[in-house]
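The values are calculated or read from the model by the stated rules, or taken from the named source; none is laboratory data. Please read these numbers as outputs of a predicted model, since none were measured by experiment. Here the Cβ positions follow ideal geometry from the backbone for every residue, glycine too, while neighbour counts run over all protein chains shown. Accessible surface areas use protein heavy atoms only, side chains included; no ligands, DNA or RNA. Shrake-Rupley method; radii C 1.70, N 1.55, O 1.52, S 1.80 Å.
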Amino acid sequence: MDLNGSQMLIEALRKENVKVVFGYPGGAIMNVYDEVYKQNYFKHILTRHEQAAVHAADGYARASGNVGVAFVTSGPGFTNAVTGLATAYMDSTPMVVISGQVPISMIGTDAFQEIDAVGISRPCVKHNYLVKDVSELPRILKEAFYIARTGRPGPVHIDIPKDVTAQMGKFEYPDEIKMQTYKPTYKGNPRQIKKAIEAIALSKRPVLYIGGGAINSNAANEVREFAKITGIPAVETLMARGVLEHDNPLLLGMLGMHGCYSANMAMSEADLMIAFGPRFDDRVTGKLSEFAKHAKIIHIDIDPSSIGKIVDVEYPIVGDLKNVIEAMLPLAKEQIDESKYKPWRDLLNRYSEIHPLRYQDSDEVLKPQWVIERTGKLLGDKALITTDVGQHQMWSAQFYPFSHPRQFITSGGLGTMGFGLPAAMGVKKACPEKISINFTGDGSILMNIQELMTAVESKIPVVNIILNNQFLGMVRQWQTFFYDKRYSSTDLTMQPDFVKLVESFGGVGYRVHTKAEFDEALKSAIESNTIAMIDVHIDRLENVLPMVPSGGTLYNMMLEYKE
Amino acid sequence: MKEMRRVLSVIVLNEHGVLSRISGLFAGRGYNIDSLTVAPIPKTNLSRLTIITSGNTKVLEQIVKQLHKLIPTYKVIESSAFVEKEMALVKIPLNEDFNGLDAMLKAYNGTIANSGEDFIVVMVADDYDRIDSFLKAVKKYNPVDMVRGGSVALDI
Ligand SMILES: Cc1ncc(C[n+]2csc(CCOP(=O)(O)OP(=O)(O)O)c2C)c(N)n1
């Protein structure tokens, strides 16, 4: 079949079963948009900024597990998209982002809206392509989707010059693909697995350290089963929230800088760590030389470069987590006696009792933790939770009762303010039957506020709950703790009327000061079935606790803040 | 941890931008490149890079893994048994006294590559540390310019 480059792109998306594309047109990608207009395989959603298009595709991918797709034009369209690519790269989201480029004959001439897009995206994508001839396009598209979703997932960027989008060529789109150089390892080495199980059987104080890989590998059921069979207590990273259900008796909670006491103590006192797809981020480990220093480490990851990057590992296993745990389960059943760990579990449960996650509720002013807990109580697993970045993000991770993987969607690795609203739109497109909640801050929400228009136009109801402290709260907290309260450029008392703001876009807004007002606003916002903003005025100076100060040790947490 | 010198032979798809992926990887992650040579492998779609790098054990392990992780990487050879050679060219004014030059060239697998009106250019090919000593020794002929080619290596 002979098609032009733009038609090839459309056909490839159809073959890849893409249902929605987020994007923003411009000169270099107009041929593609002309074909978008003519087709009805997928829906194209016009965002109001390219960064938001990529975040929306990212949210879509994280919620659905499928590859998210975004289109942007050359030059500024592409550079606007870079933050989105970097966000997806750091959190290993499968995505294909297509950018227009100036015609091949003009590349290198500093043409209008020309920028070296593959040069810029190279360090923040899993792979990228500059298409030099239309004959390569079908193969490149096929490879891009394959690379994005296999192995350790990640964003792939394809830069297509305008003349290539018009050139005619033969379109053959293979069902299967084999690449000469790229072959991820899925099966764990059986000898290593055997050794790992033996190490677990010999250990007295093992801990499961669950990371985002458990979600990418769709391994939640296997992780739950493994925990149940072995009786080994578990901690989750920010990216792994929801892998174990919140009321699982083995789940101690999140670990790390704002993790709970028992989770961090479990890491500090463990004699064996079983790492299920985490990446030992510095926000998790604290001071490295003191991190889990009594523990031998079993590290399972599909990305070999992740293993041994930060800490030395005694039992490395390269493979797909789901696959590896499946292989571990029968051996674990035979060799591991869960009753052996009872004293260890009892100790950790005592830690949880002594220092649970807590906050001081108040009748005078709303506490952010209450707002999140309350939302969790009212909506539970009916809602998917997206966040922006800051204190509200940490409180959401701490206090929302997650019950399944892909329920919590947040920018963990890059920590991108402005991620929340567009990502929550992507989430809603992926799971229309769920309520899409975006917990955000009065700082973050303004970083992609223009997306209210997209949500109204494309009828994507998202409930934004602004935990409004009139501060860049997280930065303010560090200034309080470590900079003698010099609140340099963090005061946000100057702010818009968020209710009027959302109304001017055609959505609904609520201002909330009390618990009763919150309940009412949440109910009404959900029933409105349109984009909603609940501006919740909270205690301005509330801090996220406990806390491991940057570079501190996990076993030495700041449990409360004293003036 | 101790810094070590390491020879890496990297086989990659010979395609657009592959060198920038590799040099970008080294630059972005703060790894050292002491020398880098690249050329296509005849009758294939592959190229061979010889990279001389240095770092502690942990860094060297990461370098190899990160190279592997690049999509166009076919193979990373990090064997300790390499035949490694480097070439150098040196330009010497003709008015010098060339006494002993022949013997020196012989000792370093060298020869006179070109002889012009004002200069001769000599070439040598030897182990990289012997190239060091050659370039030191040849100074007595007051060379006006010199260039080294970077190591090439084959695992044995
Ligand atoms: C794009 C971007 N710029 C700056 C930062 C640094 N930063 C991290 S948290 C934060 C404050 C966020 O304030 P807000 O959105 O109001 O949330 P709060 O912490 O008050 O809950 C800032 C500025 C960031 N993470 N992302």
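Worth a mention:
- Some residue of segment A:85-97 being more than 20 Å from A:D303 (Cα to Cα) and among the small types (G, A, S): no
- For segment A:457-482, a residue qualifies if it is within 14 Å of the ligand (Cβ to nearest atom), closer than 30 Å to A:K43 by Cα and either open to solvent by 10 Å² or more (accessible area, probe 1.4 Å) or not hydrophobic (A, V, I, L, M, F, W, C) (or both), and exactly one does: A:N464.
- Of all residues making up segment A:143-197, the number that are without any contact (Cβ under 8 Å) to a residue 12 or more places away in the chain and surrounded by 22 or more Cβ atoms within 10 Å (Cβ to Cβ): 0
- Test set (1) among the small types (G, A, S); (2) in a helix (DSSP H, G or I); (3) open to solvent by less than 10 Å² (accessible area, probe 1.4 Å) - A:G380 fails condition number: (3)
- Looking only at segment B:5-27, residues that are in contact (Cβ under 8 Å) with a residue 40 or more places away in the chain and either within 10 Å of another protein chain (Cβ to nearest Cβ) or open to solvent by 60 Å² or more (accessible area, probe 1.4 Å) (or both) come to 8 in all.
- Those residues of segment A:366-383 which are closer than 20 Å to A:V427 by Cβ and either within 14 Å of chain B (Cβ to nearest Cβ) or away from the ligand (no atom under 16 Å from the Cβ) (or both), in sequence order: A:G376, A:L378, A:L379, A:G380, A:D381, A:K382, A:A383
- Restricting segment A:389-412 to residues that are aliphatic (A, V, I, L, M) and under 23 Å from A:R358 (Cβ atoms), the residue that is least open to solvent (accessible area, probe 1.4 Å): A:A397
- Answer from B:D132, B:D126 - the residue that is of a type in the set (D, E, K, R) and open to solvent by less than 40 Å² (accessible area, probe 1.4 Å): B:D126
- Of the helices (runs of 4 or more DSSP H) lying entirely inside segment A:1-114, those containing at least 1 residues that are of a type in the set (G, A, S) and either assigned by TED's automatic domain parsing to the domain that holds A:Q407 or over 13 Å from A:G426 (Cβ atoms) (or both) span A:5-15, A:76-90.
- Within the option set A:V102, A:V131, A:V118, being within 27 Å of the chain's Cα centre (by Cα) and modelled with pLDDT of 95 or more holds for one residue only, A:V118.
- Top-ranked residue in segment A:435-456 [being outside any loop (DSSP other than H, G, I, E, B) and over 20 Å from A:A383 (Cβ atoms); ranked as farthest from the ligand (Cβ to nearest atom)]: A:V456
- For the residues A:T386, A:T416, the requirement of being within 16 Å of the ligand (Cβ to nearest atom), open to solvent by less than 20 Å² (accessible area, probe 1.4 Å), in contact with a helix residue (DSSP H, G or I) (Cβ under 9 Å, 6 or more places away or on another chain) and more than 22 Å from A:M547 (Cβ to Cβ) singles out A:T386.
- Test: residue in segment A:178-193 that is more than 20 Å from A:E314 (Cα to Cα), more than 14 Å from chain B (Cβ to nearest Cβ), in contact with a helix residue (DSSP H, G or I) (Cβ under 8 Å, 6 or more places away or on another chain) and among the basic types (K, R): no
- Qualifying residue in segment A:289-297 (condition: within 14 Å of another protein chain (Cβ to nearest Cβ), at pLDDT 95 or above and over 18 Å from A:I229 (Cα atoms)): yes
- Residue in segment A:282-296 that is touching a Phe, Trp or Tyr at 6+ places or on another chain (Cβ under 6 Å) and touching a residue at least 40 places away in the same chain (Cβ under 8 Å) present: yes
- Enumeration of residues in segment B:66-108 that are open to solvent by 50 Å² or more (accessible area, probe 1.4 Å), part of a helix (DSSP H, G or I) and within 14 Å of another protein chain (Cβ to nearest Cβ): B:H68, B:K69
- Single residue of A:S524, A:S489 found to be open to solvent by less than 50 Å² (accessible area, probe 1.4 Å) and either at pLDDT 95 or above or of a type in the set (S, T, N, Q) (or both): A:S524
- Only strands (runs of 3 or more DSSP E) whose full extent lies in segment A:458-563 are considered here, and the ones with at least 3 residues that are in contact (Cβ under 8 Å) with a residue 60 or more places away in the chain are A:463-468, A:532-537.
- Count - residues of segment A:121-169 that are within 13 Å of chain B (Cβ to nearest Cβ) and assigned to a helix (DSSP H, G or I): 12
- Identity of the residue in segment A:1-32, of a type in the set (V, I, T) and in contact (Cβ under 8 Å) with a residue 40 or more places away in the chain, that ends up nearest to A:S74 (Cα to Cα): A:I29
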